[in-house]
Amino acid sequence: MDKLTRSDKTFLALVLLMLLGKAIWTYFGVDHPIVQNWTGSWAAIILAAFFGFIAIKLAGQTGFPDIWDENASNKHRFLYPVLLGFGFAIIEILVGLAMDLPNIHVPFPFSIPVYLSGGIFLEILYHLIPTVFLVWLASNVLLKGKRQEEVFVVVAVLASLWEPAMQITGMYRMGMLLSIIFGAGLFIFIFAGNLIPITLFRKYGFLAPVVWRLTDYSLWHVIWPMIYY
């Protein structure tokens, strides 16, 4: 714990980007519902960074590869997540068109710091911290290092259910769901949007899911609104 590895420095660089994005939109007083309802207060970001750093240090003990693991190539860390993120964003655009969604996105150019900071924050909060700590607690502590993969599968499914449950419930209350079938399909889609980055994390290290999410956000939240609205 007394020496910063390359992975530690990479994680800290992501934290600095997250803080920079927050500082920019705070300085310019960006007023948008996404920013107003976002949980990324300064305290939340600092806590996420602190516990995220601990999770990065524990990741190797729980079966997660190092950010720069030699068994994962740059194709795994960058190319594949970019392609998956691009494909996922295309589906999001099609779903948005099907629902005839209004422009829900933060306007450009402040969309860049908001979604850059938010994307990193959500990967740390939704995936890095809960998956590493829960696998460590259940497998390393309670099961004495046994059944690590089985525990990961259970944790990955549970972690992936949280966001779709919250979003679908909120959309139902606002009358935004077109039908039960559509709602079920949307639930599965959002579930996949959580399971994909967790799987990338498990296979290729934490940088892969961050690249996936930032690619998705770049197209869905930044580029698409500039073209369509």
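Can you find, among F189, Y229, V135, the residue sitting farthest towards the positive end of the charge dipole of the chain, where Lys and Arg contribute +1 and Asp and Glu -1 at Cβ?
Toward the positive end, the furthest listed residue is V135.
For the chain, which span is the longest to avoid every loop-located (per DSSP) member of trypsin sites (Lys or Arg not before Pro) having at most 16 other Cβ atoms inside 10 Å?
So the longest stretch without any such site is 4-143.
Is there a quick way to get the dipole size of the stretch 69-226? I mean about its Cα centre, with the Cβ of Lys and Arg at +1 and of Asp and Glu at -1; what is the value in debye to the nearest 20?
340 debye
In the stretch 147-209, what percent of the accessible surface is made up of carbon and sulfur (1.4 Å probe, ligands and nucleic acids excluded)?
Taking all protein chains in place, the stretch 147-209 shows 73 percent carbon and sulfur surface.
Working with all protein chains in place, sort T215, T169 by solvent-accessible area computed with a 1.4 Å probe, largest first.
T169, T215
Beyond a 22 Å Cα-Cα separation, which of these cross-linked pairs lie in this structure: K3/K203; K57/K146; K9/K203; K3/K144; K9/K144; K22/K57?
Listed pairs above 22 Å: K3/K203; K3/K144; K9/K144; K22/K57.
Mean Kyte-Doolittle hydropathy of -1.0 or higher plus an axial Cα length of 30 Å or more: which whole DSSP H helices in the chain meet both?
Going by DSSP H runs, the hits are 6-27, 148-173, 180-204.
Compare L58, L195, L97 in a GNM of the chain, Cα atoms joined below 10 Å, and give the one with the largest fluctuation.
Largest GNM mean-square fluctuation: L97.
Going by the alpha-carbon gyration tensor, a ≥ b ≥ c the square roots of its eigenvalues, is the stretch 98-229 rounded (a/c under 1.5) or, if a/c is not under 1.5, prolate (a/b greater than b/c) versus oblate?
Oblate shape, in that a/c is at least 1.5 and b/c is the bigger or equal ratio.
The values are calculated or read from the model by the stated rules, or taken from the named source; none is laboratory data. Fair warning: this is a prediction, and the values are worked out from it, not measured in the lab. Methodologically, a virtual Cβ is constructed for each residue, glycine included, from the backbone with ideal geometry; neighbour enumeration extends over all protein chains shown. Only protein heavy atoms, including side chains, enter the accessible area calculation; ligands, DNA and RNA are left aside. Shrake-Rupley method; radii C 1.70, N 1.55, O 1.52, S 1.80 Å.
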